[in-house]
2 protein chains.
Amino acid sequence: MEQTKRIKISVLTIFPGMFDILKNYGVIKKAIEKELVEIDIFNLRDYTTDKHKITDKPGYGGQNGMVMLAEPFYRFYDEFILSKSHKPYIVLPSPQGKVFNNDLAFELAKKEELVFFCGRYEGIDERVKKIVDKEVSIGDYVLTGGEIPTMVIIETLLRFLPGVIGSKTSVENDSFYNGLLDHSHYTKPQNFRGMKVPEILLSGNHERIETFRKKESLLKTILKRPDLFIKKELSEEEKKVLIVLIQEMF
Amino acid sequence: MEQTKRIKISVLTIFPGMFDILKNYGVIKKAIEKELVEIDIFNLRDYTTDKHKITDKPGYGGQNGMVMLAEPFYRFYDEFILSKSHKPYIVLPSPQGKVFNNDLAFELAKKEELVFFCGRYEGIDERVKKIVDKEVSIGDYVLTGGEIPTMVIIETLLRFLPGVIGSKTSVENDSFYNGLLDHSHYTKPQNFRGMKVPEILLSGNHERIETFRKKESLLKTILKRPDLFIKKELSEEEKKVLIVLIQEMF
């Protein structure tokens, strides 16, 4: 029997319609259908106090354009968050945040309930951060709104929920899962326009295939992402593969 | 007169509908309306050769689930890319790629025409990479498809096109633009639930505000992202601000 975990995710945004794509495509759609996740989208404008439903105003001090108002976030907090017996964990996607990675996704996937605050990615009233549990940055670049970063975080973390990804494509085979880049992948045909699938993958010898892939994984990481390799704690098995890899070159 | 640059972006995907959100919301919608960018979405299934329009098959070697077929990407390449007088620059979002950041976004924004290949993020036939100019990873985590990463890259790079972002919110004020995190932002009201806007931002003294922000920017970077600070080349002005910052503590 497969273990199931249900997570509840709420998103506060001025563009609720953008999140239709999560509900209509791919792995998240399936996760919703299997009731492994419930996703609710809230319109930030419903929490404004003025008749024009304004959510941003010019920033103080000049030269920093429009800044998202604190008020609507706090009103949502008062009405939605404080009404709950268990406080959901509030995430603010922001370039100032902790850098998102597989480990952080795994941590977030353990929460029972998550709330994402989507604001202008470059400017939200600093006081909103007082009610945020974690600012998360998806990378060292700046988008216009927090909506797409929120989708990145949701799609990534849902992969860690049992039952979301089929057993054949386990997240354990993903890049970064064990601190290394993934090996390469091939499918039919064996010979595509003169480019052949490595013989060993057709051998049926699972032990040799495993070693071949481990070698590729280590080599790719060393060549493309030495920074990851430096951080990686090598297992005895990985060291043995490294020895073979280097012996083969001499 | 504002300088304009027009960029053409094409996306190849099994989920063309997902990209409606780029055309319907925010900064990209405006950029399309201003004719600063043209975005065309192509359905990968239109480039399949079998009657079931299959785009993936089980991977060779076992235990790696479904892998995207090379054929449809090559057919698109033959029909779309090779028909052009100038070869577009092909980007494959992939966890194995060069880590995306503001600098890479700036480089991509200089291209005349970009093509994004969206496949399963964890597995695409290795031979597709022969026709790709750059594999790009949006961060050290794994999504299911290349669609959301493609949107991240498009939204980020479009911000570097003149005319896309209003003059008041220049990308020059963004986090990472000068290698530092952005200062904080505040808007009305001055006193929000007892939390006040720093006095200096209300002073109207632009020189002092500039120094205050620089100080905040440096301090935030040192405390939250020492890795960025280590990589940063400090200007004379920034060093002076650092001196003041440290003198104030003693």
Distances in nm from A:HIS206 to the matching label points in the other copies, shortest first (labels 7 Å along Cα to Cβ): 7.0
- prompt: Looking at chain B, do any whole DSSP H helices span at least 15 angstrom along their long axis by alpha carbon and average 0.5 or above on Kyte-Doolittle, and which?
  reply: B:147-158
- request: Return the FRET efficiency for the residue pair B:LYS240, B:LYS34: r is the Cβ-Cβ distance, R0 is 25 Å, and the value is rounded to the nearest 0.05.
  value: 0.05
- prompt: What does the charge dipole of segment B:67-110 about its Cα centre add up to, to the nearest 20 debye, if the Cβ of each Lys and Arg holds +1 and the Cβ of each Asp and Glu holds -1?
  reply: 100 debye
task: Please work out the Cα center distance from segment B:183-247 to segment B:84-144, rounded to the nearest Å.
output: 35 Å
query: Are there trypsin sites (Lys or Arg not before Pro) in segment B:78-184 that DSSP marks as loop and that have at most 14 other Cβ atoms within 10 Å, and which are they?
result: B:LYS84, B:LYS110
message: Run lengths n ≥ 4 of DSSP H only: what is the helix-derived mean residue ellipticity at 222 nm for chain B, with -39500 (n - 2.57) per run over all residues, to the nearest 500?
response: -9000 deg cm²/dmol
- line: Percent relative contact order for segment B:175-249, counting Cα pairs under 8 Å at least six residues apart, stands at 35 percent
statement: With the 8 Å Cα cutoff and a minimum separation of six or more residues, chain B has a relative contact order in percent of 18 percent
task: Compute the Rg/Rh shape ratio of the protein assembly as shown: radius of gyration over Kirkwood radius, all on alpha-carbon atoms.
output: 0.98
task: Specify the residue with the greatest mean-square fluctuation among A:LEU181, A:LEU108, A:LEU228, computed from a Gaussian network of chain A linking alpha-carbon atoms under 10 Å apart.
output: A:LEU228
message: Connecting C-alpha atoms closer than 10 Å in a GNM of chain B, tell me which of B:GLY62, B:GLY119, B:GLY17 has the biggest fluctuation.
response: B:GLY62
- line: Of every Cα-Cα pair in segment B:172-239, the percentage lying beyond 15 Å is 58 percent
query: Of all DSSP beta bridges in the protein assembly as shown, what percent run antiparallel (nearest 5)?
result: 20 percent
About the Cα centre, charge dipole magnitude for the protein assembly as shown (Lys/Arg +1, Asp/Glu -1 at Cβ), debye: 180 debye
message: Across segment A:134-248, what fraction of all alpha-carbon pairs, as a whole percent, falls in each successive 5 Å bin from zero upward?
response: 2, 9, 14, 17, 17, 17, 12, 8, 4, 1, 0
- request: Just grab the label-to-label distance for B:ASN205 and A:ASN205, each label 7 Å out from Cα along the Cβ direction, in nm (one decimal).
  value: 7.7 nm
- line: Over all Cα pairs of chain B, the Kirkwood radius sets Rh, and Rg/Rh then becomes 1.07
query: Based on the Cβ-Cβ distance of A:SER83 and A:ARG45, what FRET efficiency does E = 1/(1 + (r/R0)^6) give at R0 = 22 Å, to the nearest 0.05?
result: 0.65
- prompt: How much accessible area per residue does segment B:143-250 have, in Å², with a 1.4 Å probe?
  reply: 51 Å²
- request: Would you list which lysines come within 16 Å of B:LYS239, measuring only between C-alpha atoms, while excluding same-chain residues fewer than 8 positions from it?
  value: B:LYS214, B:LYS215, B:LYS220, B:LYS231
- prompt: What residue of chain B has the nearest C-beta to the axis that moves B onto A, and what is that distance in Å, given as a whole number?
  reply: B:GLY139, 2
query: Once you average over the residues of B:90-97, how many Cβ atoms of partner chains fall within 10 Å of each Cβ?
result: 3
field: Ranked order, B:ILE32, A:ILE165, B:ILE154 - accessible area, probe 1.4 Å, largest first
entry: B:ILE32, A:ILE165, B:ILE154
- request: Starting from one equal scatterer on each C-alpha and no solvent at all, send me the Debye-based log10 I(q)/I(0) for segment B:1-119 at q = 0.11, 0.12, 0.14, 0.21 Å⁻¹, two decimals.
  value: -0.46, -0.54, -0.72, -1.36
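The values are calculated or read from the model by the stated rules, or taken from the named source; none is laboratory data. Bear in mind the structure is a predicted one, so any value in this text is a computation, not a measurement. Using ideal geometry, Cβ is built from the backbone for each residue, glycine included, and neighbour counts are taken over all protein chains shown. Areas reflect the complete protein model, heavy atoms only, side chains present, ligands, DNA and RNA absent. Shrake-Rupley method; radii C 1.70, N 1.55, O 1.52, S 1.80 Å.
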